[in-house]
Amino acid sequence: MKRYSFLLILLISALMAGQAVVAQGLPTDGALTVRPILQDLGARLLKGKTGAIVAINPENGEILCLATNTPSGFDVRQAIGKPQAPGSTFKTAQALAMLSEGFVSPETTIECNEGITDGNIKVGCHKHRSPLNLKDALAYSCNTWFIVNFGSMINDEFMYESRDEAITTWRRYMQSMGLGGPMHIDISGEQGGLLAGADYLNRRYKNGWDGKTIWWAGMGQGDVTCTPLQLCNLAVTIANRGWYFIPHIHKGTTNQRYLNKRQTRVSADAYPVVVEGMRQAVEKGTATSIRTTYPICGKTGTIENPGADHSAFIGFAPMNSPKIAVSVYIEHGGFGADLAAPMAGLIIEAYLKGKLSNQSEARAKRISAKVIK
């Protein structure tokens, strides 16, 4: 009798989980990889906001959470079909590319006095000590460090025969991390995003362009856009130190597309530097609000646009044996540290611990009550 009662409980739990998935608008053909605890938590956190939360298991590419909210309710395109500027989360990819090319080293420093001015161009930056090396530039999210080094790499006439060659080389690194085009996941509605290439730039800037013209891409603005799904996969590639499986939501897939490892073009030596920079972001930098007993690595993003800034975050945990990678993107949510990072921290905790602590549950309630119009 006890055995049948146990089986009945399992059946009811499965049905309830399935109803939750249907309510969220996700595919219903076959077993899904999403975890109800994360899906439900994501839906709670996104209440009254427009945005997306994506979580992936780095070990196999399974999508653990695909929560979204819009003024019309759930819309999976918010996570997989709406490319937007990634902001400073993209600095992780920039660091990996520039380290791999040998253009910068972990010791490369740049002076920053709350931004940089060049002629009629001014790019601001928040207050931090100066100069910063690469790890600290990631930890404190220095705009100047990334736009100056990115622009200089594109303009380097010693390393590259032309700017076309420089931007093409850079773009190949980004594409190898799953950025710039659809990854062909097993959900319809996916879009790719924008990575400025030579043809695009030559068409857009008919009077010529150089590294300074596209400075803003160095900090994830301007001629670059990504989806929250792609940003989560970027976190996966860093968590795995250079490889990923194409994200998928159907459990037990036999499609080789989702079972073959994809390697990035990034040098293996580049990953420890960026991982440590992301770790320091949580320990002492822009993401200290999610510092905890287990090591989380993360990168905040604040995206300028008309109206209030968008809030973004990517990260993974634990640092050296990653079980989950997360991206959060909240439209008009303000600083990445204010909303996206705490939401990601709660998703990570719920997955690694199986539940939220009392303190974290109180935080989740506060976030859920926040409405952003």
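The values are calculated or read from the model by the stated rules, or taken from the named source; none is laboratory data. The model shown is predicted, which means the values in this text are computed figures rather than measured ones. No Cβ is skipped: glycine too gets one built from the backbone with ideal geometry, and neighbour counts run over all protein chains shown. Surface accessibility is based on the protein's heavy atoms, side chains included, excluding ligands, DNA and RNA. Shrake-Rupley method; radii C 1.70, N 1.55, O 1.52, S 1.80 Å.
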### Query
Ignoring ligands, DNA and RNA, what percent of the accessible area of the chain is carbon or sulfur (1.4 Å)?
50 percent
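Can you give me the Rg/Rh ratio for the range 167-289, using Cα atoms for both radii and the Kirkwood formula for Rh?
1.01
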### Task
Just subtract the alpha-carbon distance of MET159 and ARG172 from 0.36 nm times their residue separation and send over the number in nm, one decimal.
3.1 nm
#### Entry: the range 64-124 - Rg (one decimal) and Dmax (whole number), Cα, Å
18.0, 48
#### Entry: Reduced Cα scattering model of the range 249-314, Debye log10 I(q)/I(0), q = 0.16, 0.19, 0.21 Å⁻¹
-0.82, -0.89, -0.90
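Leaving ligands, DNA and RNA out of it, rank GLU157, GLU59 by accessible area with a 1.4 Å probe, largest first.
Largest accessible area first, the list is GLU157, GLU59.
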### Task
Leaving out ligands and nucleic acids, note down the accessible area per residue over the chain with a 1.4 angstrom probe, in whole Å².
43 Å²
### Under 12 Å from the ASN305 label point (7 Å along Cα→beta-carbon), backbone N, the range 211-250
222, 225-228
### Query
If you stretched the chain out fully between ALA31 and ASP199, how much longer would it get, using 0.36 nm times the residue separation minus the C-alpha to C-alpha distance?
56.2 nm
### Query
Between the range 266-331 and the range 84-158, what is the C-alpha centre distance in whole Å?
17 Å
### Message
Counting just the Cα atoms, what span does the range 65-176 cover along each of its three principal axes? Round to the nearest Å and put the largest first.
### Response
50, 35, 30
## Note on the structure
Distance in Å, no decimals, from the C-alpha centre of the range 205-235 to the one of the range 34-62 is 26 Å
### Query
For helix 163-176, what angle does its Cα long axis make with the longest principal axis of the chain, in degrees from 0 to 90 and rounded to 10?
20 degrees
### Task
Using only alpha carbon pairs under 8 Å that are at least six residues apart, calculate the relative contact order of the chain and give it in whole percent.
22 percent
### Summary
Among the range 38-60, those whose backbone N falls under 18 Å of a label point 7 Å along Cα→Cβ from ALA369 are 44-49
### Query
What nm value, rounded to one decimal, do you get for the distance between HIS184 and GLU283 when each label is placed 7 Å out toward the C-beta?
4.1 nm
### Structure-derived volume of the Cα convex hull per residue in Å³ - corresponding label in (1) 186; (2) 171; (3) 146
(3)
### Evaluated at q = 0.13, 0.26 Å⁻¹: base-10 log I(q)/I(0), Debye formula over Cα of the range 284-360
-0.36, -1.17
